[in-house]
Structures are given as C-alpha cells and as structure tokens.
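The values are calculated or read from the model by the stated rules, or taken from the named source; none is laboratory data. Treat the numbers as computed from the prediction; the structure is a model and nothing was measured. Glycine gets a Cβ as well: all are built from the backbone with ideal geometry, and neighbour counts include every protein chain shown. With ligands, DNA and RNA removed, areas are computed over all heavy atoms of the protein, side chains included. Shrake-Rupley method; radii C 1.70, N 1.55, O 1.52, S 1.80 Å.
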Amino acid sequence: MDIEVCAVSGYSDVGRNMTAVRVGDEVVILDMGVSIQAISTYEKEEGSTKMLSAQELMDIRAIPDDRKIEDWKHMVKAIILGHGHYDHIAAVQFLAEKYKCPIMGSPYTLQVLKSILKDDNIKLSNKFVSVELDDTIKISDNIKIELISMSHSTLQCAMIAVHTPNGIVLYANDFKFDNDPVLGDKPNYKRLQEIGKEGNLIALVVECINGLVEGKTPSEKVARELLKEVLLETDSKGKAIFVTTFASNIARIKSAIEFGKKLGRKVVILGRSMVKYNESAEHLSLVKFSRDAEIIGYGGQRKRKLKEIDEKREKYLVITTGSQGEPGSVLDKIVNKQLPFNFREGDIIVFSCRTIPVPMNIANRDNLENSLKSAKVRIFTNVHSSGHASLEDIRDFITMVKPMHIIPSQGNMAMESSVAKMAEGLGYKLGENIHIVSDGQRLKF
Ligand SMILES: [Zn+2]
C-alpha cells in the first residue's frame, strides 16, 4: 500500500497548518489552521476579513490552500485536530464542510472549536468526534488514529499518530517536552519510546518554530517562578497590576490567579478570547477559575469594571489580552482611550509572553509599550517560557522515536534548515531522508 504525505500548508512559513496523509485510496487531514498574521495584516490595510470568501482568504494566505489536494477530496475520511490554537483549528469553519467526514480531536480542542464557531454564528454539518488523549480510534480497515498526550502551551494537546498497514506517520505539531507543565499531563514518553522500539515510524512531521533556539525549552514551572517573583517581590502598594499573556495559556492564567490571591487582590479576567479559552476549560471541569476570578468578555460590563478598577486600583489584579499589542485587544483599547482606565505612574504591567517576531507584532508591541512608558508604567517583559521544543528537545525526540524520514514543518527556511542540520548529525541525510518541503509538495513513502 502506498503512503503519501501532502504538506498542504505551514511548511513554507509559520501558521495556517494543514497536512494530508493518503493511505492507498483513503486520506486523513491533520489540522486546519489560520495565519493570524495574514489576517491582521489584511485587517490593518483593508478592514475586516469577515466578508471574504474561502478562496479570497486563501489568496491572502490566511487559510490553507486546500485546492492542492483537490484530487484527494473524495477520499478524505477524517479531519483530526492536534490542539486548540487558532493556527491549527480556526480554518475549519471555512474548509471542513466540503469534506463529508467527521472532525476529531481531544475534548478541549473540540470545545474551543465549538466556541469559535458559536462566536461566528457558524453551523457545520460535519460530525464532531471527541477522542480522549492516549486513545486510538479506528477510521477504516487501513487507518487508525492515536492521540498521544503532549505538553505545549494550552490544554489537552496531542501528537497525532496515523497508523497504517505499512507503519506510522507521526505528526508533532506543536509540542514541548515539559516535565512540570503546571496544568495537565507530562508528555507520554513511554508511548514515544515504544514507537522507537517498534521501529516502524515511516515519517515524522516535526515543528521547527524554535529550530534556531539552542538547548532545551524551560518548563512552564520556570515561567511560573518568574511570574511569582515579579508579582510577589515587586512593591505594588497603591498601584494597578495588569498581567497579559496568550488567552490559550490556561496554565499561565492559573499561576497569575494564584499570585493575585496571594497578594490579597481580586482577580479579573478581561477579553473575548480569554473568555473563549477559559470557558471551554471550565465547561470540561479542567479548571474552576470562576471561583477565584471574575471573567468578563465584552460590552458594558467590561467598561463598568474597568472604571471601578481605575478608582480602586490597589484592590485588583487584571489578566487580559494585548500581549502582542494587537489592535482591538483590551490593552490596546485602554491606551487608545477607548476603555475607561488610565494607567498612572508606577502601575505594573507584566508581559507573560514573548513577542512573536514578525514585523507587525514588533511594531504593535512597540506602540503599546511607548504609550505605557509615556504614562510611566513599570513594564516587565518576557516573563515567559515558550510552548515549543528547542533544538535539543527535537534531538531527544528524534532519538526517541527513530523515524525513517523527517519532514520539518512550521518554520521558515532558516528554522527548518537548522533542524535538518542537527538531524544530519544523527546520521540522516538531507534530500534522502530529511525532506524540506514547501506548501503543496507531496512525498511518497
Ligand atoms: Zn500551538
């Protein structure tokens, strides 16, 4: 039986991930994400993307161009989502319906997807099939899907193993090796080691976002300690405290809530995307933030609360959106006087994130920080640990699972080449069993 992998999208640059695996005359699709950068760039120049058709979204490189698997369309048996980040799931609403097949993922991943669909008022005819982590589900006589539990920077993330009569195709996009993830399970190393021992891993798709970062990515526990030090050891008497991070980073939000309580402050979570990810987690009883924090999405309620915080700033700790300085986020609206809060001298703002190093984010963050600096706010940046494996983690991973072929993904040429070079040190050969591909390219095994 021939196995073919189509690198539909997310191989030439970072974002809008989508991969298709053909096993004989059946196909499974792994991930369907958007490029947040492409969407924001378009919105900055042209206005909303809401009116654009799927085709137009493809043309501005916002969603995967799945015309590249047009000839496989009738063979698709399932769409499987690895985790709940926008660059892995948010194109489902534009693309999934043309494939008459179920959408599968961990309960949390599907819950986040449902909340995105609800927010955009979209109903899909595809069936949703929730798969527990470390379970295997049969798609057909020739394909089984296994979700291997993995740490990353949101909840219930998985590596996807596609089992075929010839062996396994393993999709590791995204992951980190975190032995103390604060929330959720450690990576299922046992299963990865078994795959290595069995020796039938045909191909490994591996993310390269941190392909240029040497060493090992620190645990979420380290980020928690960094945050703890800033929040508990900085004199904040009489001052406002704002913490901003990625809305999907539930473990980080958990830490921020705990330190806010330790300071004797009321914790308020503000922002639409914060609500989406947090409500999904509460819905599945993965956290119970509403017990310890007030969670406010939008509208008048948000304005009223910010007014109150402005008057009694020393009583609150606010967790909110705007970590990338993105237009429309709560922090952006505050500094642009669209929301009723005024930063004052000595107020504290903690960026518990990194700035995603693309020109627009860098510019947005610069603007935000300049406004904050002119108000003499104290800024604490990079209070963070990445959710992505660094070069030595990827080396450990490859050594563990022993793939026959390696396909670097989620990176530009420099990131993917760095991983390829490391793999060459392990005995692999570029062009022979390391394949640097661009979007749309196919590899037959
Ligand atoms: Zn991710």
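Table for the structure above
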{"item": "Residue-span extension gain [ASP71 to LYS114] - 0.36 nm each, minus C-alpha spacing", "result": "12.6 nm"}
{"item": "Stretch gain in nm, segment LYS123-ASP180, where the contour uses 0.36 nm per residue and the Cα spacing is subtracted", "result": "16.7 nm"}
{"item": "Contour minus Cα-Cα distance for LEU232 and LYS216 (0.36 nm per residue)", "result": "3.1 nm"}
{"item": "The chain, accessible surface, carbon-and-sulfur percent (1.4 angstrom probe)", "result": "48"}
{"item": "LYS376/SER438 FRET efficiency (R0 51 Å; Cβ-Cβ; nearest 0.05)", "result": "0.60"}
{"item": "C-alpha long axis of helix 250-262 to longest principal axis of the chain, angle in °", "result": "20"}
{"item": "Kirkwood Rh in Å, taken over segment 232-337 so that all alpha-carbon pairs contribute", "result": "13.9"}
{"item": "Residues of segment 220-380: accessible area per residue with a 1.4 Å probe, Å²", "result": "45"}
{"item": "Listed residues VAL243, VAL358, VAL350, most fluctuating in the chain (Gaussian network, C-alpha, under 10 Å)", "result": "VAL358"}
{"item": "Separation in nanometres of the label points that stand 7 Å from Cα toward Cβ, at LEU263 and MET413", "result": "4.6"}
{"item": "Residues of segment 1-115: accessible area per residue with a 1.4 Å probe, Å²", "result": "35"}
{"item": "Nearest-0.05 FRET efficiency for ARG291 and LYS337, computed from C-beta distance (R0 35 Å)", "result": "0.55"}
{"item": "Value of relative contact order over the chain, rounded to a whole percent, pairs C-alpha under 8 Å and six or more apart", "result": "18"}
{"item": "Helix 107-119 vs. the chain, principal-axis angle (Cα, 0 to 90°, nearest 10)", "result": "60"}
{"item": "Relative contact order computed over segment 394-445 (Cα-Cα under 8 Å; 6+ residues apart), in percent", "result": "39"}
{"item": "Under-5 Å amide H pairs with VAL27, H placed in peptide plane, nonlocal only", "result": "VAL76, LYS77"}
{"item": "Entries in LYS303/LYS333; LYS68/LYS100; LYS237/LYS303; LYS266/LYS376; LYS114/LYS138; LYS197/LYS402 that, when Cα-Cα distance is taken, lie over 20 Å", "result": "LYS237/LYS303; LYS266/LYS376; LYS114/LYS138"}
{"item": "Helix 391-401 axis, angle to the chain major axis (alpha carbon atoms, nearest 10°)", "result": "40"}
